[in-house]
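Read the figures in this text as sums done on the coordinates, not as results from a lab. All figures in this text were calculated on a predicted structure; none of them were measured in a lab. Positions of Cβ are backbone-derived with ideal geometry, glycine not excepted, and every protein chain shown enters the neighbour counts.
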Amino acid sequence: MLIRKIEERDNADIATVIRSCFADFNAPTKGTVFEDPTTDDLYNVFKKEKSVLYIAEENGEIVGSCGIYPTENLPEDTAEMVKFYLTKNSRGKGTGRALMETALETARKMGYRKIYIESLPEFTKALSMYEKQGFKLLEKPLVNSCHTGCNIWMLKDIAE
């Protein structure tokens, strides 16, 4: 498995991976990344300073992604972990853990001290992974994001 930063040629493939997860878990799409038009141009979205999107590739095929993004109105020391999705065939093989650990380490190097997540209850496997990685549930969102369909919010202190 290869983990690398997103390239422009990855846009369509990673958008397909992201949207397929909603079908895999029968998750609602309204008010989520599924409907977000930026999902089709993530290469340009992640040109923003202090952001990164990692792509997991196996045998030349994109199988997942995980990013760090300085979402507007988060505290300066906090970034959001975003676009963390895996294909059905890559789940349970350590791909997600490797992507997440790579993203979290990069976030530390960028100077972030906390990582915020918004998710859905249907993504049970991801939620379990977040908890194992030390993310704690919050009672309300830290910011009012454009993804109003998300109703699970978590935070992790990554300061060393």
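A few points about this structure:
- Nearest-20 debye value, segment 2-157 charge dipole, Cβ charges on Lys, Arg, Asp, Glu: 480
- Compactness of the chain is given as radius of gyration and Dmax, 14.3, 41 Å, from Cα positions.
- Violating pairs (Cα-Cα greater than 25 angstrom) within the set 47/83; 88/140; 48/136: 88/140; 48/136
- Classification of segment 89-160 by its C-alpha gyration tensor yields an oblate form. The axis ratio a/c (a ≥ b ≥ c) is 1.5 or more, and b/c is at least a/b.
- Pairwise Cα inverse-distance average, inverted: Kirkwood Rh of segment 1-53 (Å): 12.0
- Extreme residue, positive dipole direction of the chain, given options 31, 59, 44 (C-beta unit charges): 59
- Global geometry of segment 1-92, whether rounded, prolate or oblate, following the gyration tensor of its Cα atoms and the 1.5 cut on a/c: oblate
- The chain: DSSP helices with Cα axial extent of at least 15 Å and average Kyte-Doolittle hydropathy no lower than -1.0: 11-24, 95-109
- The calculated FRET efficiency for the pair residue 25 and residue 132, based on their C-beta separation and a Förster distance of 22 Å, comes to about 0.75.
- Packing-based ranking of 18-26, 4-12 yields 18-26, 4-12, ordered from highest to lowest mean Cβ neighbour count within 10 Å.
- Length gained on full extension, residue 91 to residue 8, computed as 0.36 nm times the residue gap minus the Cα-Cα distance: 27.4 nm.
- Estimated from helices alone, the mean residue ellipticity of the chain at 222 nm is -8000 deg cm²/dmol (sum of -39500 (n - 2.57) over DSSP H runs with n ≥ 4, per residue).
- Ranked by how many other Cβ atoms sit within 10 Å of their own Cβ, fewest first, the residues 16, 78 fall in the order 16, 78.
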